Amino acid sequence: MAFTLYSLLQAALLIVNAIAVLHEERFLRHVGWGSDQGIGGFGEEPGIKAQITNLIRSVRTVMRVPLIAVNSVTIVLLLLFG
């Protein structure tokens, strides 16, 4: 098994899929990363926890439809070329 561009893209796809399925109420709140956590005031720099939470929320919102298409193409490629 070689380290190819396809395997790198497949690993990135798996990571984005993992981020997309994180549910805020089932998982993130139990580990202390809910939406009500880390809200700062105006002009304050958000902490790393708030930035990661915003990234997770953004990936779930923006990447929903493209992930369906990319996952479908990946499945077809795996079925055709093994």
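The values are calculated or read from the model by the stated rules, or taken from the named source; none is laboratory data. Note that the structure is a prediction, hence the values are computed from the model and not measured. All Cβ positions, glycine included, derive from the backbone under ideal geometry; neighbour counts span all protein chains shown. Each accessible area value is taken on the protein alone, full model and side chains, heavy atoms only, with ligands, DNA and RNA left out. Shrake-Rupley method; radii C 1.70, N 1.55, O 1.52, S 1.80 Å.
Label the chain by shape, choosing from rounded, prolate and oblate, from the square roots a ≥ b ≥ c of the eigenvalues of the Cα gyration tensor; if a/c is under 1.5 it is rounded, and otherwise prolate applies when a/b is larger than b/c, oblate when it is not.
Values: a/c = 2.86, a/b = 2.45, b/c = 1.17.
Prolate, because a/c is 1.5 or more and a/b exceeds b/c.
Towards the positive end of the charge dipole of the chain, with charges on Cβ (+1 Lys, Arg; -1 Asp, Glu), say which of Gln10, Leu67, Gly82 has the farthest Cα.
Checking the options against the dipole of the chain, the answer is Gly82.
Taking only Cα atoms, what is the 0 to 90° angle, nearest 10, from helix 5-20's long axis to the longest principal axis of the chain?
40 degrees
Counting heavy atoms of the protein chains only and a 1.4 Å probe, report the per residue accessible area for the chain as a whole number of Å².
On the way: 6550 Å² over 82 residues.
In whole numbers, the chain has 80 Å² accessible per residue.
Probe radius 1.4 Å, ligands and nucleic acids ignored: give me the carbon and sulfur share of the accessible area of the chain as a rounded percent. Let's see the in-between values first.
Values: 4530 of 6550 Å².
About 69 percent, which is the carbon plus sulfur part of the accessible surface.
Applying the Karplus parametrisation 6.51 cos²θ - 1.76 cosθ + 1.60 with θ = phi - 60° to the phi angles of region 66-82, what ³J(HN,Hα) value in whole Hz is obtained for each residue in order, glycine and proline being reported as x?
Taking θ as phi minus 60°, the curve returns x, 5, 4, 5, 5, 5, 5, 4, 5, 5, 5, 5, 5, 5, 7, 10, x Hz for region 66-82.
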